[in-house]
Amino acid sequence: MAANETKLKKRKIAWGITGAGDRIAEFVQVMKEMKKQYEDIVEIQVFTSKAAEIVLKYYRVEKEVKQSFEKVTCEVNSNSPFLAPWMQTHKYEFLLIAPASSNTVAKIAYGIGDTLLTNAAIMGLKAFIPLYIVPSDFEEKIISSNLPNGKEIKLRIRKEDAENTRKLEGTLTRVISESQTKNLPVNNDLIKNILGKTLKKIPPSKKVLPEEILKAVAGFYNLKISQLKGDKRDKVYSFPRQILYYLLRTEAGVNLKDIGEFLGGRDHTTILHGIRKISNLLSTDNNLRGDVMGIKNELFV
C-alpha cells in the first residue's frame, strides 16, 4: 500500500503567468502538452498576475487554462496566495514564469518583490528553488505578434527591456556563482551585495519638484493648472487630478496633508482615495500605464 501511495504522489510545479500577451496562446498549448505527457508524475499549478487575468480573457484562453489545469489562482497581493513561503518550504520543484513581461523581468533584476510572482521568484532563489524565466522581450528588434482576431501587429522591443533581461541573467548567474564558489548561503546579504554592484552603475534619479509634476500632468492632458487645482468633478478633470495625487506621492514623496495644501486645501482622505484608485488600476489598465509612463518621460528625460 505504501509503495502505491509513493508512486501516486506527484511532484508539484508552479507556473506563473504575467501580463505579457505575445505568444500566450502558444505557451498555453506547450504547458497542456507537458501536463499530458507527465500527468502521472507531475502536477502543474497555475498562478496568474492581476494583469495576466485580463490578458488571458483578451486572448480568449482563460477558459482553456481553467479547464486544463486543476488549480488556477489569481494574485491578490505579493503574499496572497501564499506562493513565496511555499517556494521557501520546497512545496514546488521549481517556478516557471512564462511568458514574463518586461515589467516582471525588470523587477526581479533589481530585487523588487512587490508582486506575487516577483516575490515568489526572489524568495525561491533564497531557498535554492530553480527559477525558469521566459522573457517576452529579450532582444532589441521589431517583432510580429497576432491579436485574438488573427490580425498581425508589429511591436518594438525597446533597448531598455532587452538590457533588463541581460541584467537579470547576469544577476542570477552572479548570485549562483558567488554562492557556490565561496560556499555562501543565498540570503538577503548576498543578494543585496550582488544587486548593489549592479545598481552602482545606474546614475541617481533626478529629483522632481511638485510644481514640475503639476505642470507635466496639465500639459499631458491639455489642461490648465487652474483646472487641475479646481473643484470640477467631471472625469476629464478628476481622473488626471488623481494621477497627479499618485505622482506627487510616489515620485516627489509629498505626504497626503501637503498634497492637499499644495492643491488648494483638499482633504487628505480624498487624496488617499485617488492614490489607491490609480495604484490599483495600474496593474490592469494598459492605457493608464501608458499615460503615467508618458508623464514620467516628460519629467525625467
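Size check on the range 62-107: the Cα extents along the three principal axes, sorted descending, read 28, 27, 21 Å. Projected over every direction and averaged, the convex hull enclosing the alpha-carbon atoms of the range 210-300 yields 5.1 nm². Peptides 79-86, 117-124 ranked from most to least packed by the mean count of surrounding Cβ atoms within 10 Å: 117-124, 79-86.
Taking 0.36 nm per residue of separation and subtracting the current Cα-Cα distance, fully stretching the chain between Gln37 and Ser226 would add 61.7 nm.
Among Lys9/Lys36; Lys50/Lys207; Lys50/Lys235; Lys50/Lys215; Lys12/Lys66; Lys36/Lys66, which pairs are too far apart, with a Cα-Cα distance over 20 Å? Over 20 Å Cα-Cα: Lys50/Lys207; Lys50/Lys235; Lys50/Lys215.
Working ranking of peptides 255-265, 52-62 by packing, defined as the average number of other Cβ atoms within 10 Å per residue, highest first, is 52-62, 255-265.
Note on Glu212 and Glu70: with the Förster distance fixed at 41 Å, the Cβ-Cβ geometry gives a FRET efficiency of about 0.20.
Quick note: the coordinates plus some simple rules give every number you see, no bench work behind them. What you are looking at is a predicted structure, and each value in this text was computed from that prediction instead of being measured. Virtual Cβ from ideal backbone geometry, glycine too; neighbours counted across all protein chains shown.
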